[in-house]
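Reviewing the structure listed below.
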Amino acid sequence: MRGSFSRLFAGTISAAMFAAVSLAQGQAQTTVKIGIINSYSGFVAQAADEMQKGMDLYVKLHEKDLPPDVKIEIIKRDDTSNPEVGKRLAQELITQNQVQVLTGVILSPVAAAVAPLTAEAKVPFVITNAAGVSIPRMSPYVVRTSFTLWQECFPIGKWAAEQGWKTAYTEVSDFIPGHDSEAAFIKGFTDSGGKILDSVRYPMQNPDFVPFVQRVKDAKPDVAFLWVPAQTQATAMMNAVRDLGLRDAGIHIVSAQDLLPDEELPRMGDTPLGLITAGNYSTAGDRPANKAFLAAWKAEYGDQSIPDFFSVGGWDGMAAIFDLTKATKGKFTGDEAMAFLSHWKNPDSPRGPIEIDPNTRDIVQNIYIREVKRVDGKLANVEIATIPLVKDPWKELNPPK
Amino acid sequence: MGGTLAAILSIGFHGLAFAMVLYLISVGLSVTMGLMGFVNLAHGVFAMLGGYVMTGLMNRYGVPFLAALALAAIATALVSIPLERLLYRRFYGGEELDQVLLTMGLIFMSVAGATYLWGPLTQHMEPPHWLAGQVDLGFRSFPAYRSFLILCGGLLVIALWLGLERTRFGAQIRAAVDNLRMAQSVGINTSRLFMLTFALGSGLAGLGGGLGADLLAITPSYALQYLVYFIIVVAVGGLGSIRGPFFAALFIGIADTAFKYWLPGLGAFFIYALTMVLLLWRPQGLFGRA
């Protein structure tokens, strides 16, 4: 009896001491918990790797700039490129890990599965890629630092019509961003007087694009708009374009930047030379901030590693979260965070000036028309025209009801 | 009309090249499944390994294309031997569910292992300069690399057929597929035969993975991503035959390409529907024994 009493007593004392110690630490140090949901495995693992490297690099270079008593804790989770898994991970991060900010996400279907949870839990969700145009409307706690396909494909549609090209053929992957890019290109092209011959959607993971590209070749349009998710699908598409001699047949090709990601360009041979795409970032961008970013990237990941638009989306997303942490000294509610994030600006991102539109919580940024040219013996997406500070056109055309 | 003919020719040609890659990878699976009754879903892992070895040798060490290809096939065959001795053989004649669980597990381990060793980036395969560009056949020119694929596929079919029909080793395999117990009782060392056949099948997969790297991109999730294609070829072709998977691969490769061309909206669905119809009609596959 006495033994159990003294054990209880000792237990009480140590619990009280522990509480006192953690209270003291709490005063000295604030920890901001950040949950990253990313597709480290699955069919977009390559894009996920690019984005993660961008985030990690930002954290590494800027952790020292945080206020001295503020720390960040990053919890990474793999959604395996599967929306159901992403949703479950978001639940765990919010309820068990009690993260204050959610970020990451490559795939729009994953982001669409996670977004409603953030509205319930009032947790800010900084999307660093997933470009599905309507996702920020699914939750008032979503803010996006990447792009929408309407931002890129609407201008390229207009640009194609301005080249005097009268007829177009569109082919896209059959999921959210493919549908967005198709609609945006068609709107941009037909508004400027162009005519669409046909529109085709192929499966999301397609091994050989020859049958689809052959259709374009038969239809003989002035211009083909081809959208595929970046990386393996992009290279497979360019192989089909090469094997069928689509460009020798006199058919122009335009797309969003996903068709010619900077890190895949060296794998595509000479086929892409002269191709025109619209995008928000190219490693060939001639800006001091981009030069500094590239130098830091090469120092961290080696000379062979090439960043792309996924990396810059991740980098800028982390920049927004860091700025929030600095401005609030690491103490914020979901609503305070959103008040800050939806007015966040960065005049000097590697991709140029960017800002969040407070009305839509989507990014406003320069869209560059880029042409593939040979620079120092290597292919590069060289920016040939800049459309300054583009707001997402879809949200302007479809105001909330 | 000339345009339509050209399109049909182009679809046939590209479908054929695709079919050859499918055949090379799947034929080993068909033989090992027919011979040992082993459901090896992880067969694609060997194709992926061949792809990694070949692209690695070419890109990192500048090994010429043909040498890298041969080394890829040999390396894959060698790697498969200890796996067969240590893992697979314990499950011969066991429950199919156990075999499926084992090999699915191997697939997931291969995804993680490949990501760890080579990273998540796609391995690029640059065809050698003598296979870049087009070959002119007089009436029409075709991409050289795909023509090479078709040629390789054709040669291998003949070599395999001759090997199986005309050699002692082939006769032993046929005997073991037909009647395992009888083969054992006439003194065929089936354990050794299994090992060699498994290594041969894996080596062929490695060869197919390397040759087809331009078409089926080499990524860590390779074995999972293309599994359906390999399984369809084997199921439609029938187990344990060399001819079966060949015709099945031709059928899948060309039908898939053609349907995607004619009916792009539904095209990706058609080969699954056709496979179902075919299997309802002949559950044992085109050339499988009832």
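The values are calculated or read from the model by the stated rules, or taken from the named source; none is laboratory data. Keep in mind that this is a model prediction, so the values were computed, not measured. With ideal geometry, Cβ positions are generated from the backbone for all residues, glycine too; neighbour counts draw on all protein chains shown. What goes into the accessible areas is simple: the full protein's heavy atoms, side chains included, and nothing from ligands, DNA or RNA. Shrake-Rupley method; radii C 1.70, N 1.55, O 1.52, S 1.80 Å.
Counting helices only, and only those DSSP H runs with n ≥ 4, report the 222 nm mean residue ellipticity of the protein assembly as shown as the sum of -39,500 (n - 2.57) divided by its residues, in deg cm²/dmol to the nearest 500.
-18500 deg cm²/dmol
Quick one: net charge of B:Ala112's neighbours, Cβ under 15 Å, K/R +1, D/E -1?
-2
Given H placed on each backbone N at 1.01 Å, which residues far from A:Val390 in sequence or on other chains put an amide H within less than 5 Å of it?
When sequence neighbours closer than 5 places are left aside, the close amide H contacts are A:Gln365, A:Asn366, A:Ile367.
State, in square angstrom and to the nearest 100, the accessible area buried between chains A and B, both chains counted, probe radius 1.4 Å.
Approximately 2400 Å² gets buried when A meets B.
Mean-square fluctuation check for chain B, GNM, Cα pairs under 10 Å: which of B:Leu24, B:Leu49, B:Leu66 is largest?
Residue with maximal mean-square fluctuation among B:Leu24, B:Leu49, B:Leu66: B:Leu66.
Can you work out the accessible area per residue across chain A, with the rest of the protein chains kept in place, probe 1.4 Å, in square angstrom?
Each residue of chain A exposes 39 Å² on average to a 1.4 Å probe.
Between B:Arg168 and A:Glu162, what is the label-to-label distance in nm when each label sits 7 Å out along the Cα-to-Cβ direction?
Inter-label distance under the simple model: 7.7 nm.
For the range A:146-193 and the range A:46-101, compute the distance between their C-alpha centroids and round to whole Å.
Going from one Cα centre to the other spans 33 Å.
Taking 0.36 nm per residue of sequence separation and subtracting the Cα-Cα distance, how much length would be gained by fully extending the chain between A:Lys298 and A:Ile74, in nm to one decimal?
Gain on extension, A:Lys298 to A:Ile74, equals 78.3 nm.
About the Cα centre, and with charges only on the beta carbon of Lys, Arg (+1) and Asp, Glu (-1), how big is the dipole of chain A? Nearest 20 debye, please.
900
In the full protein assembly as shown, how much of A:Lys53 is accessible to a 1.4 Å probe, in Å² to the nearest 10?
Counting only protein heavy atoms, the figure is 50 Å².
For the pair B:Leu66 and A:Asp286, how long in nm is the line joining their label points, each one 7 Å along Cα→Cβ?
Taking the two extended label points, one gets 4.7 nm.
Run through the range A:237-345 and list the trypsin sites (Lys or Arg not before Pro) located in a DSSP loop whose Cβ has at most 13 other Cβ atoms within 10 Å.
A:Lys329, A:Lys331
Give me a comma-separated list of calculated 3J(HN,Hα) values for the range B:224-232, in order, Karplus coefficients 6.51, -1.76, 1.60 applied at θ = phi - 60°, integers in Hz, x for any Gly or Pro.
Once rounded to whole Hz, the list reads 7, 5, 9, 3, 4, 4, 4, 5, 4.
Tell me which trypsin sites (Lys or Arg not before Pro) from the range B:209-290 have a DSSP coil assignment and no more than 15 other beta carbons within 10 Å of their own.
Here the trypsin sites (Lys or Arg not before Pro) that fit, given the DSSP loop and packing criteria, are B:Arg289.
Whole-Hz Karplus ³J(HN,Hα) for the range A:185-190, in order, using 6.51 cos²θ - 1.76 cosθ + 1.60 and θ = phi - 60°, x for Gly and Pro?
Each residue's phi maps through the Karplus curve to give 4, 4, 4, x, 6, 6 Hz.
Below 8 Å between Cα atoms, with a sequence gap of 6+, how large is the relative contact order for the range A:100-190 in percent?
The normalised contact order for the range A:100-190 reaches 26 percent.
May I ask for the angle, rounded to the nearest 10°, between helix A:2-28 and the longest principal axis of chain A, with both axes built from Cα atoms and the value confined to 0 to 90°?
With both axes taken from Cα atoms, the answer is about 50 degrees.
Could you give me the ³J(HN,Hα) list for the range B:53-65, computed from phi with Karplus coefficients 6.51, -1.76, 1.60 and θ = phi - 60°, whole Hz, x at Gly and Pro?
4, 5, 5, x, 4, 5, 6, 8, 10, x, 5, x, 3
Taking Cα pairs under 8 Å and at least six residues apart, what relative contact order does chain A come out at, in percent?
Computed value for chain A: 17 percent relative contact order.
At a 1.4 Å probe radius, carbon and sulfur cover how many percent of the accessible area of chain B?
Carbon and sulfur together cover 70 percent of it.
Filter A:Lys220/B:Lys260; A:Lys87/A:Lys298; A:Lys33/A:Lys401; A:Lys373/A:Lys395 down to the pairs with a C-alpha to C-alpha distance above 29 Å, please.
Distance filter (> 29 Å) returns A:Lys87/A:Lys298; A:Lys33/A:Lys401; A:Lys373/A:Lys395.
Please list, ordered by chain and number, the residues whose modelled amide H lies under 5 Å from the amide H of A:Val32; skip anything fewer than 5 residues away on the same chain.
A:Lys71, A:Ile72, A:Glu73
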